[in-house]
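Participant: Structure in structure tokens, see below.
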């Protein structure tokens, strides 16, 4: 990565907004820009869906309107984050190469009429994407108002990473040939002697969809790796032309929540800043939360949704630089149910991003659109330009940020290890409903946060020096280098289920799991249907259980003798799915043994340390009090936190 700034000096977090000048009469632009600046916004993100206005016909560019829009924003003192418009190729381009569209797993075309209607593997579309990115970058690369670039928009949104097109099939065959060298090596690696699946040539390999029953899991894993590489290569091609035409500017992309279809660590090697789009209420409604949580946090979002992704994406770039490029300011339009945020939550979400080290929070969007697909998605303004509730909260957050000032880096306390291929493996062969490595990581993270701990989410192989505790929730492929890292680590370690359970080619390793990760043998595994469990003292083994043979200490034993957690020295092995009271107990024991300070937090209250500051957030709909164990002088708020309120403490 060629970063514009490798180790930036901490500065107060900036606020911005997503704006679409092409959607509004030009006479509104100057008024909009002035209102943005008066609210404390300093960055404006534009252009990600504007290809048809930039190039309305092949080779005919219309720059004048965009020139004027950027000039208006610049005149108001606003820095521009300019996006490449490749998420929405125009109709004329699709008509010139109709096979550029992706196909779903059933072979159906993903046609023009909304967005993300392209296949990452199509060479013609990749060339067209580079061409438009180069044109925009050469036009505005040295414009003083353009301070950052964003590539495309939400890679993979609407299930668009896995394409089953002819272009993807041909690209996959080439990828396999480069990886395995000859077809005999592929047959051996995949175990293709099973069910007579052996190939004579790479040209015989099809995509793993539309098989009569389950395709070879090694075939699926290879296809997922290929598809992830295609996204990274597509992004890299744009980054290269941007860097050539616009030296010194940062490049980012806006990732999504609970999304693992490509390796974000891999793609982020080409970015300076990892961005993501934060929609806590929509994510609560659409993902795997209980009905009780969906009611309790309906207007706040689960207390760990935003924080988990802040720390995940902070761990993606080598410099730890990250941003929120879209922040929910009101009801969204895409969830099953779309409530409004509790008063104060837009401010809380903003300050929580600051506590986790964000460089920027950008609200989506400035004005609610009265037309097309997102007309029910709230903005900072209503469609009639009257202030929406989020605008006042954004302005209040800007004032709070100015009063708090720059925050330092978070302490190294707990490292939580997560690899994207772990989620691919548990998705391809779950062996039980809903047993996902991503969600194992989330529930471990949530358990640590409920104890008031600070967590870094890091990929396998990231440096572990300085941490007191390492938690590995679910890592099916554990390389020799990673196990050597753990051997050299001096602190406490928690290893979760299924770790070390697969080779790099999706086979069961010998010796049996967890191998070198823990002195034990997993003799057999079972997934448990709802209601089938092993009860412990205040905890239970549910959904997944591993029968382990080991001379290690049986630390947590259920009433019927089933061992939930084993301990050998400073390592623990969890033989059950990491969730509920069980993971709370395991991480609390490990954290105490690591010498970490645990806090008895009220329901819904969370903490985050940043330099000499400790932030406290109340996600509950009821008042709560920050416990006395949180030390320091108050610089914002009070210990008595109302719903959606924030307090900030400064250590001496």
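The values are calculated or read from the model by the stated rules, or taken from the named source; none is laboratory data. Note that the structure is a prediction, hence the values are computed from the model and not measured. With ideal geometry, Cβ positions are generated from the backbone for all residues, glycine too; neighbour counts draw on all protein chains shown.
Participant: Looking at 639, 608, 613, which one is surrounded by fewer than 21 Cβ atoms within 10 Å (Cβ to Cβ) and either closer than 23 Å to residue 410 by Cβ or assigned by TED's automatic domain parsing to the domain that holds residue 293 (or both)?
Facilitator: 639
Participant: Restricting the search to region 566-589, which residues are more than 26 Å from the chain's Cα centre (by Cα) and in contact (Cβ under 8 Å) with a residue 12 or more places away in the chain? Walk me through how you get there before you give the answer.
Facilitator: At the first step, the residues of region 566-589 found to be more than 26 Å from the chain's Cα centre (by Cα) are 566-573, 575, 585, 589.
Correct list: 566, 567, 568, 570, 571, 572, 573, 575, 585, 589.
Participant: Related question: How many residues, within region 147-182, are without any contact (Cβ under 8 Å) to a residue 12 or more places away in the chain and farther than 13 Å from residue 222 by Cβ?
Facilitator: Qualifying residue count for the region: 2.
Participant: Let me ask another. Quick one: which strands (runs of 3 or more DSSP E) lie wholly within region 467-565 and hold at least 1 residues that are closer than 14 Å to residue 586 by Cβ and free of Cβ contacts under 8 Å to residues at least 24 places away in the same chain?
Facilitator: Once the strands (runs of 3 or more DSSP E) in region 467-565 are filtered for at least 1 residues that are closer than 14 Å to residue 586 by Cβ and free of Cβ contacts under 8 Å to residues at least 24 places away in the same chain, what remains is 553-557.
Participant: Determine whether residue 336 is in the same structural domain as residue 272 (by TED's automatic domain parsing), more than 26 Å from residue 645 (Cα to Cα), surrounded by 22 or more Cβ atoms within 10 Å (Cβ to Cβ) and modelled with pLDDT of 95 or more. Spell out how you get there, then give the answer.
Facilitator: Working: in the same structural domain as residue 272 (by TED's automatic domain parsing): yes; more than 26 Å from residue 645 (Cα to Cα): yes; surrounded by 22 or more Cβ atoms within 10 Å (Cβ to Cβ): no; modelled with pLDDT of 95 or more: yes.
Criteria not met by residue 336.
Residue-wise test of (1) over 24 Å from the mean Cα position of the chain (by Cα); (2) at pLDDT below 95; (3) within 18 Å of residue 340 (Cβ to Cβ).
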| residue | (1), (2), (3) |
| --- | --- |
| 371 | yes, no, no |
| 391 | yes, no, yes |
| 418 | no, no, no |
| 426 | no, no, no |
| 447 | no, no, no |
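Participant: From the list 56, 25, which residue is surrounded by fewer than 13 Cβ atoms within 10 Å (Cβ to Cβ), free of Cβ contacts under 8 Å to residues at least 12 places away in the same chain and over 31 Å from the mean Cα position of the chain (by Cα)? Before you say what the answer is, go through the steps one by one.
Facilitator: Numbers: 56 fails: free of Cβ contacts under 8 Å to residues at least 12 places away in the same chain.
That would be 25, the only listed residue that is surrounded by fewer than 13 Cβ atoms within 10 Å (Cβ to Cβ), free of Cβ contacts under 8 Å to residues at least 12 places away in the same chain and over 31 Å from the mean Cα position of the chain (by Cα).
Participant: Here's another thing I want to ask about it. In region 314-333, what residues are under 23 Å from residue 272 (Cα atoms), buried (at least 19 other Cβ atoms within 10 Å of the Cβ) and in contact with a helix residue (DSSP H, G or I) (Cβ under 7 Å, 6 or more places away or on another chain)?
Facilitator: Within region 314-333, 316, 317, 322, 324, 327 meet the criteria.
Participant: Considering every residue within region 103-110, establish whether at least one is at negative phi, exposed (fewer than 12 other Cβ atoms within 10 Å of the Cβ) and at pLDDT 95 or above. So that I can check it myself, show each step before the final result.
Facilitator: Taking region 103-110 and keeping what is at negative phi, we get 103-106, 108-110.
Now restrict to residues that are exposed (fewer than 12 other Cβ atoms within 10 Å of the Cβ): 106, 108.
Next, only the ones that are at pLDDT 95 or above stay: 106, 108.
Yes - at least one qualifying residue is present in region 103-110.
Participant: Follow-up. Output the number of residues of region 437-464 satisfying the condition of being in contact (Cβ under 8 Å) with a residue 40 or more places away in the chain and not in a helix (DSSP H, G or I).
Facilitator: Total satisfying the criteria: 12.
Participant: Determine whether region 3-14 contains at least one residue that is under 29 Å from residue 322 (Cβ atoms), within 22 Å of the chain's Cα centre (by Cα), modelled with pLDDT of 95 or more and surrounded by 15 or more Cβ atoms within 10 Å (Cβ to Cβ).
Facilitator: Within region 3-14, one or more residues are under 29 Å from residue 322 (Cβ atoms), within 22 Å of the chain's Cα centre (by Cα), modelled with pLDDT of 95 or more and surrounded by 15 or more Cβ atoms within 10 Å (Cβ to Cβ).
Participant: Of all residues in region 190-246, how many are outside any helix (DSSP H, G or I) and either touching a residue at least 12 places away in the same chain (Cβ under 8 Å) or surrounded by 17 or more Cβ atoms within 10 Å (Cβ to Cβ) (or both)?
Facilitator: Of the residues in that region, 15 qualify.
Participant: Among the residues of region 261-276, count how many are in contact with a helix residue (DSSP H, G or I) (Cβ under 8 Å, 6 or more places away or on another chain), buried (at least 24 other Cβ atoms within 10 Å of the Cβ) and assigned to a loop (DSSP other than H, G, I, E, B).
Facilitator: Adding up the residues that qualify gives 2.
Participant: Please find, among 399, 395, 406, the residue that is loosely packed, with under 15 Cβ neighbours inside 10 Å, outside any loop (DSSP other than H, G, I, E, B) and touching a residue at least 60 places away in the same chain (Cβ under 8 Å).
Facilitator: Values: 395 fails: loosely packed, with under 15 Cβ neighbours inside 10 Å; 406 fails: outside any loop (DSSP other than H, G, I, E, B).
Of 399, 395, 406, the one residue that is loosely packed, with under 15 Cβ neighbours inside 10 Å, outside any loop (DSSP other than H, G, I, E, B) and touching a residue at least 60 places away in the same chain (Cβ under 8 Å) is 399.
Participant: Only one of these is under 31 Å from the mean Cα position of the chain (by Cα), buried (at least 17 other Cβ atoms within 10 Å of the Cβ) and at pLDDT 95 or above: 76, 39. Name it. If you could, list the steps in order and put the result at the bottom.
Facilitator: Working: 76 fails: under 31 Å from the mean Cα position of the chain (by Cα).
When all the criteria are applied, what remains is 39.
Participant: Can you report the number of residues in region 363-388 which are over 17 Å from residue 44 (Cβ atoms) and either surrounded by fewer than 18 Cβ atoms within 10 Å (Cβ to Cβ) or in contact with a helix residue (DSSP H, G or I) (Cβ under 6 Å, 6 or more places away or on another chain) (or both)?
Facilitator: The total comes to 12.
Participant: Which of the residues that make up region 513-552 are out of contact with any helix residue (DSSP H, G or I) (no Cβ under 6 Å at 6 or more places or on another chain) and exposed (fewer than 14 other Cβ atoms within 10 Å of the Cβ)?
Facilitator: Residues satisfying the conditions are 523, 524, 526, 529, 530, 531, 532, 535, 537, 547, 549, 551.
Participant: Now for a different question. Looking at region 247-260 only, could you name the residues that are part of a strand (DSSP E or B) and over 19 Å from residue 419 (Cβ atoms)?
Facilitator: Initial filter on region 247-260 (part of a strand (DSSP E or B)): 250-255.
Of everything in region 247-260, those that are part of a strand (DSSP E or B) and over 19 Å from residue 419 (Cβ atoms) turn out to be 250, 251, 252, 253, 254.
Participant: Taking region 62-93 on its own, how many of its residues are in contact (Cβ under 8 Å) with a residue 12 or more places away in the chain, farther than 23 Å from residue 239 by Cα and assigned to a helix (DSSP H, G or I)?
Facilitator: Residues in region 62-93 being in contact (Cβ under 8 Å) with a residue 12 or more places away in the chain, farther than 23 Å from residue 239 by Cα and assigned to a helix (DSSP H, G or I): 10 in total.
Participant: If you don't mind, there's one more thing I want to ask. In region 360-404, which residues are touching a strand residue (DSSP E or B) at 6+ places or on another chain (Cβ under 8 Å) and on the phi > 0 side of the Ramachandran plot?
Facilitator: Taking region 360-404 and keeping what is touching a strand residue (DSSP E or B) at 6+ places or on another chain (Cβ under 8 Å), we get 360-368, 379-383, 385, 387-388, 390-391, 394, 397-398, 400-401, 403-404.
Of everything in region 360-404, just one residue is touching a strand residue (DSSP E or B) at 6+ places or on another chain (Cβ under 8 Å) and on the phi > 0 side of the Ramachandran plot, namely 385.
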